[in-house]
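Participant: Input: one structure, supplied below.
The values are calculated or read from the model by the stated rules, or taken from the named source; none is laboratory data. Just so you know, these numbers come straight off a predicted model, no measurement behind them. Backbone-built Cβ (ideal geometry, glycine too); neighbour counts: all protein chains shown.
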Amino acid sequence: MALQKIITTLLRGLRVINYLIRSYNMPYKIIIAGDNPIIKYGLTHIINEQSNNTLKVVSTILLKDIYHVEEEFDLLIASINAPEDMFSIHLPFISRFYEKSPDKKLAMLTGLTSSSLLLKSRKYLNGLLSERDPFAELIEGMLKILEGQDYVSRSIREHQFIDKRPRPLTWAASRLALTECEDKVIKYIFSGYNVTETARLLDRSIKTVSAQKRQAMKKLGVENDTELLLIGSQFSNGEKLSNGEDAG
């Protein structure tokens, strides 16, 4: 019992110390990884000059070096502004970083608008930031990611949202309308797998999975993959699947 009290006291003391550090405006440490020096310089300037000392860029590196980082950081931002047909070359850097350091916070800053590519990268990221975001929203998004939120930029969420109609149902509520088969398919889609991969993992035909995906999207009230990404941002990290996991 005495040892337990000592441990409890120490943990309480550590929480107090952490609070005091943040109270004195010690900024979060940011590392920017990317191959475009102009974007890295511009983002560094935005963060260091407009975050009111809540964020500070401590290093900028090439994208290929993200899994060799040795210095301490709170958030790594991978800047990927390559053409969509080149995205597959950059995705392995993100996936390998996630595999090596799954507890580290990783966000992607991008100008991509391809729904399928954004969905493909989601399972490796804590957040998606857009190059189209106003500076204040970029800063706000980074802080939300650092606070533990699964963040998707508003401009990414609203891409292709033509009618801006309200969606009263949350994912948790609307998924109740799905059949068991549709629910399994959507879980894999939210976890970054495409229709072909999902069909293989569930041992179903591509035609069947495609039809189940369409039916699920209809029930969820979405019309394209970008809208599906918005619903997916409500999907809890604990339910996202990795290759070989049971979707049941």
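Participant: Give the residue that is modelled with the lowest pLDDT, with candidates limited to residues of the range 120-148 that are under 22 Å from ASN48 (Cα atoms) and polar (S, T, N, Q).
Facilitator: Taking the range 120-148 first, the residues under 22 Å from ASN48 (Cα atoms) are 126-148.
Then keep just the ones that are polar (S, T, N, Q); that gives 126, 130.
Values: ASN126: 91, SER130: 87.
My answer is SER130.
Participant: Among the residues in the range 40-48, are any among the small types (Gly, Ala, Ser) and modelled with pLDDT under 85? Quick ask: steps written out before the conclusion?
Facilitator: First, pick out the residues of the range 40-48 that are among the small types (Gly, Ala, Ser): 42.
Subset that is modelled with pLDDT under 85: none.
Scanning the range 40-48 turns up no residue that is among the small types (Gly, Ala, Ser) and modelled with pLDDT under 85.
Participant: Considering only the range 29-73, state which residues are under 16 Å from PHE97 (Cα atoms) and part of a helix (DSSP H, G or I).
Facilitator: The answer is LEU63, LYS64, ASP65, ILE66, TYR67, HIS68.
Participant: When you check VAL69 against the structure, is it more than 21 Å from the chain's Cα centre (by Cα), surrounded by 13 or more Cβ atoms within 10 Å (Cβ to Cβ) and either in the same structural domain as PRO102 (by TED's automatic domain parsing) or hydrophobic (A, V, I, L, M, F, W, C) (or both), yes or no? Please lay out each step first, then the result.
Facilitator: Values: more than 21 Å from the chain's Cα centre (by Cα): no; surrounded by 13 or more Cβ atoms within 10 Å (Cβ to Cβ): yes; either in the same structural domain as PRO102 (by TED's automatic domain parsing) or hydrophobic (A, V, I, L, M, F, W, C) (or both): yes.
Criteria not met by VAL69.
Participant: Right, here's the next one. Go through the range 195-248 and tell me which helices (runs of 4 or more DSSP H), entirely inside it, have 2 or more residues that are at pLDDT below 75 and surrounded by 14 or more Cβ atoms within 10 Å (Cβ to Cβ). Explain how you work it out, then say what you get.
Facilitator: Details: elements: 195-202, 206-220, 225-232.
Of the helices (runs of 4 or more DSSP H) lying wholly inside the range 195-248, those with at least 2 residues that are at pLDDT below 75 and surrounded by 14 or more Cβ atoms within 10 Å (Cβ to Cβ) span 225-232.
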